[in-house]
1. Could you run the Debye sum over the Cα atoms of region 395-459, one equal point scatterer each and no solvent, and tell me log10 of I(q)/I(0) at q = 0.14, 0.22, 0.26 Å⁻¹, two decimals?
2. Of the peptides 354-361, 219-226, 181-188, how do they stack up when ordered by the mean number of other Cβ atoms within 10 Å, highest first?
3. By a straight-distance test (C-alpha under 17 Å), which aspartates and glutamates pair with LYS236 as possible cross-link partners, with residues fewer than eight away in the same chain excluded?
4. What are the trypsin sites (Lys or Arg not before Pro) within region 288-341 that DSSP puts in a loop, where the Cβ has at most 12 other Cβ atoms within 10 Å?
5. Using the basic label-point model (7 angstrom from Cα toward the beta carbon), what is the GLN141 to ALA168 distance in nanometres?
6. Between ALA395 and ASN126, with labels modelled 7 Å along Cα→Cβ, what's the label distance in nm to one decimal, could you check?
7. Sorted by packing (mean other beta-carbon atoms within 10 Å per residue), highest first, where do 32-38, 423-429 land?
8. What is the sum of charges around ALA405, taking Lys and Arg as +1, Asp and Glu as -1, for the other residues whose C-beta is under 13 Å from the C-beta of ALA405?
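Throughout, read-outs are computed from the coordinates displayed, never taken from laboratory work. These numbers were taken from a predicted model, which means no experiment stands behind them. When we count neighbours, we look across all protein chains shown, and the Cβ atoms used for this are built from the backbone with ideal geometry, even at glycine.
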Amino acid sequence: MPHLPYTRALSTSATHAFSGLSVDPHQVDFQAVAQHMYALMMRNVASDGYPFADSTHTVLSKPGCVIAAPSYPANTPGISQDYVFNWVRDAAITALEIAAATMARSETPVQQLIDYVTFAQTCQSNAAPTKGHACFTVAGQARPWSEQNDGPALQSIAILAAYDKLDAATQVAARTLLAENVAFLLQVYEDPTTNLWEEHSGFSFFARAAQLRCLRELADNTHGIPVPAGTAQAIKWLENALDAHWDGTRYATLIGGAAPGQADHPVVPSGYDPNIDIVQACIYGAVSCTDTRLLATAAQLRDTWANEKSPEVFPINLTDARAGMGPMLGRYPGDVYDGGSGGQGDHPWALCTANFAQLYYELAAEVTASGKVPLDELSREFFAQVSVTATTTPAEAADALRTAADAMLRAVIFHSDHLELSEQFDGTSGYEKSVRNLTWSYAAFLSAVRARNGQTVVG
């Protein structure tokens, strides 16, 4: 029998925390925690023997569907959003973690990845009005939603990562899916799109970074997958396009944007920067962690929510700092979205915090490998935030970066609901809020720990 999205005992408050148990974040083994979170993430992935119904209790999932979260208004008091849908981006980010976790398996293929590709192909065949359609039902039908041209790029990145763990028939399907995705990207890479947070349209830094990574990985693939004409030209164009987002102090998340429904009236969103999607363009896209313009932007993000003098500081970060944890980060200053409860918003997110921690880990690895710290006038504040100066040795700088990242992940663990992760944490109390058991929150934590330890969990 199919099951409904799982539920837990819920309070009537928009904030929640696991009662009766407390995790000591300073004693945890990050690898052990990640292994547990992998299991929690996989609860949101449908299979032939593990189907679930959508929030209407009428539509049954197909294997390979990845729901964003099992939360919807009827089972999650305090929110108005239904997350029991498959977002192309979220599913791809999840598939990357499944692929990483299963690479050590001696047997091949991996059924979860076969299911992912099969379901992705179903969604693409139903995508409308464009192949950049962002959201689908659990059965793979297009849900009225936005067009996001980062989705096909991230999906293609995930398929390339999973390719060796697919059976022969699914590899054929994967090649077809990749060809259609790339053909679409080569048509639209110069165009505006709905941004990562589904709030504005314009020329998106994140979408461009994801598209660039996709095309580079396709061009370098060792599977014999054909590289279509125009790929090299698109790669060069996107490299130049990313440079255009630099405003002299930070990367702008959108340039030449348009307000929804007002495509003929270009606007650049006010107060939308610094935006965490710039950091995510490094984690999921093609931006190098040693790019000092990226680091300058990242420094502004941390300062926004961790500096006690900032008007946007999260009070919980000041409390956590005294306990040697944090800070936790949000999406952008003045963010009003809190899951649809009608509250003030402006809270830290688990996935944003984990992504920023991963930036620290990846940069630490680069510093260790190269023996150089990318410290210049642009990145000076970024390194100062972790007590790295021009006199700090590369080894000391790498240690400082890892220590800073660990403090962020410890805050996520401490404020989790006994390791279950919602979308957000209350910026004052630290209690979890918004939709519960967000798949991307787990995937982001897994990716960060993988960057930290150089090893995957067991899938």
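1. Reported log10 I(q)/I(0), two decimals: -0.47, -0.97, -1.15.
2. Details: 354-361: 26.9, 219-226: 11.6, 181-188: 19.6.
The most tightly packed comes first, giving 354-361, 181-188, 219-226.
3. Filter leaves GLU190, ASP191, GLU217, ASP220.
4. Values: sites: ARG293, ARG302, LYS309, ARG322, ARG331; in loops: LYS309, ARG331.
Passing sites in region 288-341 are LYS309.
5. Each label point is offset 7 Å from its Cα along the Cβ direction, giving 3.6 nm.
6. That separation, rounded to one decimal, is 5.7 nm.
7. Working: 32-38: 19.6, 423-429: 22.7.
Going by the mean number of other Cβ atoms within 10 Å, highest first, we get 423-429, 32-38.
8. Values: positive: ARG302, ARG402, ARG410, ARG450, ARG452; negative: GLU362, ASP399, ASP406.
Net charge in that neighbourhood comes out at +2.
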